[in-house]
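What follows is a short report on a single structure.
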Amino acid sequence: MALLELNGLTKRYGGILAVDQVTMSVQKGEVRAVIGPNGAGKTSLFHLITGVVKATEGSVHFDGQDITTVAAFGRCQLGLSRTFQLTSLFPEMSARENTRLAAQARDKQRWRPFGGGAVFAEAARRGDAALERLGLTHVAERPAGLLSHGDQRLLEVAMALAQQPRVLLMDEPTQGLSVEETAQAVDVLAGLFGDGSLTVLLVEHDMEVVFRLARKITVLHRGGVIADGDPETVKADPAVQSAYLGGYA
Ligand code: ATP
């Protein structure tokens with residue numbers, strides 16, 4: 001059974017069909033990318049999966065449970081975590097404090113009036129482990145706002161990982177980075193995804209990033225799926241080539 005399953009997922013904004021009958025599944029341990037030319041519906045699809053916007057039609061199932069009407073916070077509690085964004089970092093707080101707070105945000109125990117010390121320690125431990133997985137231990141005490149752009153992006157991923165997600169959702173993880181910063185971040189992410197322990201859904205427009213990180217690819221065009229499969233098959237697909245050439249020409 002797929003961990004995340006979309007069936008006929010559709011989003012209309014008035015007369016605009018942003019997402020059109022998307023059916024797609026993400027298996028446990030899979031790193032899947034959703035790609036497509038500008039305006040293909042990637043961001044809208046991401047919002048439907050995270051619960052930020054409501055579907056017009058269709059369903060989202062997570063681990064067999066219908067979560068189509070579950071709000072964003074509830075989806076996060078279930079283990080469907082998106083990467084944080086620069087706007088949600090606390091720039092004056094250290095990288096370590098940011099990951100610890102992220103870990104606490106998913107922790108149902110955090111409101112327990114007694115035994116708070118143990119809960120705090122556990123969140124700090126999870127935060128530190130996430131920093132280590134992203135190679136950020138050496139900057140753990142530095143204020144988040146003073147980190148390089150590349151390290152800030154990796155800190156966003158560390159914050160999501162500190163929540164021990166069952167599916168990690170990433171929206172353009174290298175957006176806004178220079179060529180060098182992108183190459184470094186992709187190296188770290190490739191290492192992170194290499195052991196198959198994480199289930200990841202990545203929305204990305206940079207094809208090089210996608211082909212480096214993803215083992216399965218879903219291609220969107222005008223809201224609908226035009227191809228779905230492994231990178232080599234998708235790359236060779238005539239419909240994909242014409243969508244991209246048509247989109248960028
Ligand atoms: P890009 O790569 O340029 O970010 P995208 O693949 O993420 O594009 P979306 O941003 O999801 O595509 O947009 C898909 C379509 O839906 C576009 O035609 C867009 O104008 C439209 N759209 C997206 N959000 C809204 C909204 N809130 N209201 C109206 N139309 C919208």
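In the distance distribution for the chain, Cα-Cα pairs more than 31 Å apart total 24 percent. Bridging of Lys28 to aspartates and glutamates at a Cα separation below 14 Å is possible for Glu5, Asp63, Asp195, once same-chain residues fewer than 8 apart are set aside.
Each Cα pair under 8 Å and six or more residues apart adds its separation to the average, and for the chain the resulting relative contact order is 27 percent. The Cα center of segment 40-80 and the Cα center of segment 1-25 differ in position by 10 Å. Rolling a 1.4 Å probe across the protein heavy atoms gives the chain an accessible surface of 47 Å² per residue.
The residues Thr137, Thr50, sorted by heavy-atom accessible surface at 1.4 Å with ligands and nucleic acids left out, run Thr137, Thr50 from largest to smallest. Ordering 149-162, 190-203, 57-70 by mean Cβ neighbour count within 10 Å, with the highest value first, yields 149-162, 190-203, 57-70. Modelled label positions at Glu132 and Ala239, each set 7 Å beyond Cα in the direction of Cβ, lie 4.6 nm from each other. Stretched out straight at 0.36 nm per residue, the stretch from Ser88 to Val52 would grow longer than its current Cα-Cα span by 11.4 nm. Rolling a 1.4 angstrom probe over the chain with all protein chains present gives an accessible area of which 54% lies on carbon and sulfur atoms. Highest mean first, the peptides 17-30, 224-237 sorted by other C-beta atoms within 10 Å per residue fall in the order 17-30, 224-237.
The values are calculated or read from the model by the stated rules, or taken from the named source; none is laboratory data. What you see is a predicted model; the values in this text were computed from it and never measured. Cβ sites come from the backbone with ideal geometry, for glycine too, and all protein chains shown count toward neighbours. With ligands, DNA and RNA removed, areas are computed over all heavy atoms of the protein, side chains included. Shrake-Rupley method; radii C 1.70, N 1.55, O 1.52, S 1.80 Å.
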